[in-house]
1. So which residues in segment 157-177 are open to solvent by 100 Å² or more (accessible area, probe 1.4 Å) and within 22 Å of residue 135 (Cα to Cα)?
2. Look through segment 77-90, keep the residues that are open to solvent by 30 Å² or more (accessible area, probe 1.4 Å) and in a loop (DSSP other than H, G, I, E, B), and return whichever of them is modelled with the lowest pLDDT.
3. Name the residue, out of 186, 152, that is of a type in the set (D, E, K, R), at positive phi and surrounded by fewer than 11 Cβ atoms within 10 Å (Cβ to Cβ).
4. Which residues, counting only those in segment 27-65, are closer than 13 Å to residue 79 by Cβ, of a type outside the set (Lys, Arg) and assigned to a loop (DSSP other than H, G, I, E, B)?
5. Looking at 11, 19, which is the one that is modelled with pLDDT of 65 or more, within 15 Å of residue 63 (Cβ to Cβ), β-branched (Val, Ile, Thr) and surrounded by fewer than 17 Cβ atoms within 10 Å (Cβ to Cβ)?
6. For a quick check of your reading of the model, give me the residue pairs whose first member lies in segment 46-66 and is within 12 Å of residue 81 (Cβ to Cβ) and open to solvent by 50 Å² or more (accessible area, probe 1.4 Å), whose second is hydrophobic (A, V, I, L, M, F, W, C) and at pLDDT below 90, with beta-carbon atoms closer than 8 Å and at least 6 apart or on different chains.
7. If you go through segment 111-122 one residue at a time, do you hit one that is surrounded by 10 or more Cβ atoms within 10 Å (Cβ to Cβ) and assigned to a helix (DSSP H, G or I)?
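The values are calculated or read from the model by the stated rules, or taken from the named source; none is laboratory data. No experiment lies behind these values; they were computed from the predicted model shown. Quick reminder, even Gly has a Cβ in these numbers, built from the backbone with ideal geometry, and neighbours come from all protein chains shown. Each accessible area value is taken on the protein alone, full model and side chains, heavy atoms only, with ligands, DNA and RNA left out. Shrake-Rupley method; radii C 1.70, N 1.55, O 1.52, S 1.80 Å.
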Amino acid sequence: MGKSIRTTSNTQTNSTPATFKAGDSVLCPSLSLNPFVLSNDPYGKRKLLALTHDDSHLYYDKQGYFVPACDKQTGDYQPSLFHDTPANRQAIATLYSGSQTNQRTVIDITEADDDEVILISAFELSDIVCDIESAATVISDMGKLLALIHYEKIDTNTAISMARLTHDATVTWDDLLQRQVSSIKETLAMTRYGKEGK
């Protein structure tokens, strides 16, 4: 994630941090120098604000702090969002000198003999991890349900109801993971691994 920037005009005169609401035009220099418009969670599951970047929804609380999709702490102790004002645009443009690349933190976990490298944002990697963890939880729950059915610990009607719910969850997670795999394959298609897989 890019470094957070605090500007004077993003803080109210009484030293209370700025707050945000759906419909606000905001700047998020860690993502782009272009403004975003905040909305409520498009899925209605979380009491958070969201913005769309690269076809993904990123979530923030009303103080502008980033909240990962799996609600894990980020260690980010400064707001990521700033109101889209002329003063904030100027401050961000000055700090970034018209370029984001010199403000990026790149964590290189490649091996010395890796001759192809894909850069992925921390946001996207966080979403992938959250999806895998959630899918693993669903698979674990299915295993427990099957064990209950196998050992005849639940009656037939309950087993049928639970199987129906399990089927719905499986279909939902299969669709989500297939979309995630398709996105990763699109990126891999630009590498020799994608060409080898054809």
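1. Going residue by residue through segment 157-177, those that are open to solvent by 100 Å² or more (accessible area, probe 1.4 Å) are 157, 164-165, 167.
Answer for segment 157-177, where residues must be open to solvent by 100 Å² or more (accessible area, probe 1.4 Å) and within 22 Å of residue 135 (Cα to Cα): 164, 165, 167.
2. Taking segment 77-90 as the starting set, the residues that turn out to be open to solvent by 30 Å² or more (accessible area, probe 1.4 Å) are 77-78, 83-87, 89-90.
Next, only the ones that are in a loop (DSSP other than H, G, I, E, B) stay: 77-78, 84-85.
Working: 77: 54, 78: 61, 84: 91, 85: 91.
Looking at the filtered set, the residue picked out is 77.
3. From the options 186, 152, the qualifying one is 152.
4. Looking only at segment 27-65, we keep the residues that are closer than 13 Å to residue 79 by Cβ, and these are 27-30, 38, 49, 60-65.
Imposing the further condition that a residue be of a type outside the set (Lys, Arg) reduces the set to 27-30, 38, 49, 60-61, 63-65.
Of everything in segment 27-65, those that are closer than 13 Å to residue 79 by Cβ, of a type outside the set (Lys, Arg) and assigned to a loop (DSSP other than H, G, I, E, B) turn out to be 29, 30, 38, 61, 63, 64, 65.
5. Values: 11 fails: modelled with pLDDT of 65 or more.
None of the others qualify; the one that does is 19.
6. Sorted first by the residue in segment 46-66, then by its partner, the pairs are 63/18.
7. Yes, segment 111-122 contains a residue that is surrounded by 10 or more Cβ atoms within 10 Å (Cβ to Cβ) and assigned to a helix (DSSP H, G or I).
Each row is one residue, and each column tells you yes or no for (1) touching a residue at least 12 places away in the same chain (Cβ under 8 Å); (2) touching a helix residue (DSSP H, G or I) at 6+ places or on another chain (Cβ under 7 Å); (3) within 20 Å of residue 114 (Cα to Cα); (4) assigned to a helix (DSSP H, G or I).
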site	(1), (2), (3), (4)
162	yes, yes, no, yes
165	no, no, no, yes
172	no, no, no, yes
193	yes, no, yes, yes
